[in-house]
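Have a look at the structure below, then the notes.
The values are calculated or read from the model by the stated rules, or taken from the named source; none is laboratory data. Just so it is clear, the model here is predicted, and its values are computed rather than measured. With ideal geometry, Cβ positions are generated from the backbone for all residues, glycine too; neighbour counts draw on all protein chains shown.
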Amino acid sequence: MRQSLFFSKTRREAPRDEVAKNAQLLIRAGYVHKEMAGVYDFLPLGLRTLKKIENIIREEMNAIGGQEVLLSSLQDPAPWQASGRWDDTVMDVWFKTRLHHGEAFHQGSELGLANTHEEPMVRMMKHHIASHKDLPQYVYQFQTKFRNEVRAKSGVMRTREFVMKDLYSFSRDEREFRAFYEQVAAAYLKVFARCGLGAWTFRTFASGGSFSKFSDEFQTVCEAGEDVIYVDEEKRIAVNEEVYRDEILREIGLEKARLQKKKAVEVGNIFPLGTKYSTALGLTYKNEEGENVPVYMGSYGIGPARVMGTIAERYADEKGLVWPLSVAPFALHLVRLGEEEGVRECADALYTRLQKGGMEVLYDDRPHLHAGEKLSDSDLLGIPCRLVVGNRGIADGVVEWVERQTGSVRQLPIEEAASLLLDPDAGVMPKI
RNA sequence: CGGGCUGUAGCAUAAUGGUAGUGUGCACGCUUCGGGUGCGUGUGGUCCGGGUUCGAUUCCCGGCAGCCCGACCA
């Protein structure tokens with residue numbers, strides 16, 4: 001992509017109404033636009049990163065047998081009434097609206113805007129599960145959730161509208177469920193590791209909310225987090241403050257003395273649902289004896305935008321964003337300094353070759369901008385690798401390769417630069 | 001939902017009961033050209049409603065919006 005044609009621009013100053021580092025940087029760098037409190041638009045850069053994260057999640061969900069679906073955002077109250085969760089006093093984050101009813105708009109049937117999907121998912125599955133031969137099933141989606149939070153905050157970390165990956169498991173019994181639950185837990189750790197959060201992310205014992213007695217959260221240690229957890233670094237597990245009690249520590253085999261108190265972001269959460277919703281909504285199957293048995297369920301969520309915000313928080317430095325290669329909007333930022341014919345030709349040629357070689361390149365071909373401005377912009381954008389083409393290097397027959405995170409600089413011979421960058425074994429580009 | 005704070009140009013800020021200033025951005029010209037070059041010209045603004053007042057962006061009341069702390073968080 002040529003930056004001269006790219007529509008989002010950087011800005012020098014953060015808007016006054018953002019305090020969270022993730023939002024300040026994402027807005028300054030042109031990744032997102034704030035629509036209103038707790039509601040953000042994704043611009044090309046932000047969308048690219050969001051989609052990278054989604055794809056990592058998608059691959060890991062597919063790898064454990066997940067099948068992608070897309071349920072609707074408009075929801076029929078009926079299944080929610082059956083489970084008792086339509087009531088605003090039971091679930092207080094509902095956005096509700098009504099079907100149009102001619103002139104008398106307000107008399108139309110009530111509808112909900114999805115804040116989660118257990119009930120419609122269960123009702124839908126009733127049409128597809130009848131026998132033990134139909135189980136297990138694992139379905140997931142990336143779907144917009146609307147939650148009328150009393151207080152949106154922390155930039156993209158807690159918003160009123162966001163895309164969530166939610167996976168639902170349908171198993172014959174607890175044993176079959178539990179085996180899959182552990183597979184998901186392992187897949188989640190892979191997701192966060194691939195997103196660059198592995199070192200700071202812990203499977204965390206937590207309360208089960210309205211679903212079940214306990215659940216497992218995936219918490220990334222981060223100062224911007226809203227949660228407090230106690231981490232056992234060696235065992236790589238943690239316990240949420242909300243269930244930090246002696247008998248629970250004993251139950252999960254953690255020693256108080258080895259635990260460190262940390263602030264953390266909940267980047268994922270997995271719940272055993274048991275037969276709560278299958279019973280309420282009548283999702284049963286016939287076992288081999290011909291008896292009707294409620295399906296045993298679990299639900300599993302990750303918010304890609306929250307993951308993105310957490311990566312921004314953890315990796316950013318005083319100059320701007322820094323993305324791990326796996327989630328970066330572009331792999332390489334090709335920065336041209338100068339307008340001389342030789343510089344232009346060299347940079348254009350490199351851009352063409354790298355593009356053809358399949359590399360995602362953002363090419364700063366903007367004319368007549370000062371070096372400082374281009375380099376500052378490049379720092380702010382946080383693309384992990386930078387190739388600088390300028391007069392200085394061309395005179396010596398080299399271009400500069402810079403790693404954003406460490407600032408390390410290497411000279412690459414002009415003729416070989418493209419092939420070195422495109423060759424994963426050359427050891428120039430970092431491994432994903 | 002309780003408490004606190006804030007609304008001035010695209011963005012960031014200053015000031016003021018009497019014609020609203022600066023930086024930045026944007027446009028144009030010259031200059032400069034490897035870490036936001038310098039100069040000039042232009043562009044553009046007091047959240048909404050009511051009250052007090054000769055006069056309100058400023059003071060008062062209400063609304064709306066935003067941020068922070070707490071509570072809440074399927």
From the list A:Val221, A:Val228, which one is under 25 Å from A:Ser299 (Cα atoms), within 16 Å of RNA strand B (Cβ to nearest atom) and either surrounded by fewer than 12 Cβ atoms within 10 Å (Cβ to Cβ) or of a type outside the set (Asp, Glu) (or both)? A:Val228
Just give me the residues in segment A:41-84 being without any contact (Cβ under 8 Å) to a residue 40 or more places away in the chain and crowded, with 21+ Cβ neighbours inside 10 Å, in sequence order. A:Trp80
Condition test on A:Val150, is it among the β-branched types (Val, Ile, Thr) and within 20 Å of A:Phe177 (Cα to Cα)? no
The lone exception for A:Leu337 - which of (1) within 20 Å of A:Leu45 (Cβ to Cβ); (2) within 16 Å of RNA strand B (Cβ to nearest atom); (3) buried (at least 21 other Cβ atoms within 10 Å of the Cβ) it fails: (1)
Give me the pairs, please: first residue somewhere in segment A:154-165 and of a type in the set (Phe, Trp, Tyr), second residue anywhere and in a strand (DSSP E or B) and at pLDDT 95 or above, beta-carbon distance under 7 Å, and either six or more positions apart or on two chains. A:Phe162/A:Lys145
Search result, residues across segment A:1-55 that are assigned to a loop (DSSP other than H, G, I, E, B) and more than 8 Å from RNA strand B (Cβ to nearest atom): A:Met1, A:Phe6, A:Phe7, A:Ser8, A:Ala29, A:Gly30, A:Tyr31, A:Leu43
Close pairs (9 angstrom Cβ cut-off, 6 or more residues apart or separate chains): under 13 Å from A:Leu26 (Cα atoms) in segment A:374-386, modelled with pLDDT of 95 or more and in a helix (DSSP H, G or I) anywhere: A:Asp377/A:Gln3; A:Leu380/A:Leu25; A:Leu380/A:Arg28; A:Leu381/A:Leu45; A:Gly382/A:Leu25; A:Gly382/A:Ala312; A:Gly382/A:Tyr315
Tally of residues being under 17 Å from A:Gly342 (Cα atoms) and either small (Gly, Ala, Ser) or near RNA strand B (Cβ under 8 Å from one of its atoms) (or both) across segment A:370-397: 10
Within segment A:23-40, does at least one residue satisfy the condition of being without any contact (Cβ under 8 Å) to a residue 24 or more places away in the chain and over 19 Å from the mean Cα position of the chain (by Cα)? yes
Among the residues in segment A:212-220, are any small (Gly, Ala, Ser) and either at pLDDT below 95 or not assigned by TED's automatic domain parsing to the domain that holds A:Ala264 (or both)? yes
So is A:Ser109 more than 12 Å from RNA strand B (Cβ to nearest atom) and in contact (Cβ under 8 Å) with a residue 60 or more places away in the chain or not? no
Among the residues of segment A:103-136, which ones are within 14 Å of A:Ser299 (Cα to Cα) and in contact with a helix residue (DSSP H, G or I) (Cβ under 7 Å, 6 or more places away or on another chain)? A:Glu118, A:Glu119, A:Pro120, A:Val122, A:Pro136
Does A:Pro294 satisfy the criteria of being within 13 Å of RNA strand B (Cβ to nearest atom) and assigned by TED's automatic domain parsing to the domain that holds A:Arg203? no
Looking only at segment A:266-284, count every residue that is among the small types (Gly, Ala, Ser) and more than 15 Å from RNA strand B (Cβ to nearest atom) and tell me the total. 2
Test set (1) free of Cβ contacts under 8 Å to residues at least 60 places away in the same chain; (2) within 13 Å of RNA strand B (Cβ to nearest atom) - A:Met124 fails condition number: (2)
Could you give me the residue pairs with C-beta distances under 7 Å whose first residue belongs to segment A:317-342 and is assigned to a loop (DSSP other than H, G, I, E, B), whose second residue is among the polar types (S, T, N, Q) and within 16 Å of RNA strand B (Cβ to nearest atom) wherever it lies, and which are 6+ apart or on separate chains? A:Val322/A:Gln405; A:Gly338/A:Asn391; A:Glu340/A:Asn391
Take A:Trp94 and tell me if it is farther than 24 Å from A:Pro294 by Cα, touching a Gly at 6+ places or on another chain (Cβ under 8 Å) and crowded, with 18+ Cβ neighbours inside 10 Å. yes
Inspect segment A:257-264 for any residue being more than 30 Å from A:Met121 (Cβ to Cβ), hydrophobic (A, V, I, L, M, F, W, C), out of contact with any Phe, Trp or Tyr (no Cβ under 9 Å at 6 or more places or on another chain) and within 12 Å of RNA strand B (Cβ to nearest atom) and give the result as yes or no. no
Does A:Glu400 satisfy the condition of being surrounded by fewer than 18 Cβ atoms within 10 Å (Cβ to Cβ) and either among the charged types (D, E, K, R) or more than 31 Å from the chain's Cα centre (by Cα) (or both)? no
Given the conditions (1) within 25 Å of the chain's Cα centre (by Cα); (2) more than 15 Å from RNA strand B (Cβ to nearest atom); (3) surrounded by 14 or more Cβ atoms within 10 Å (Cβ to Cβ), which single one is not true for A:Arg236? (3)
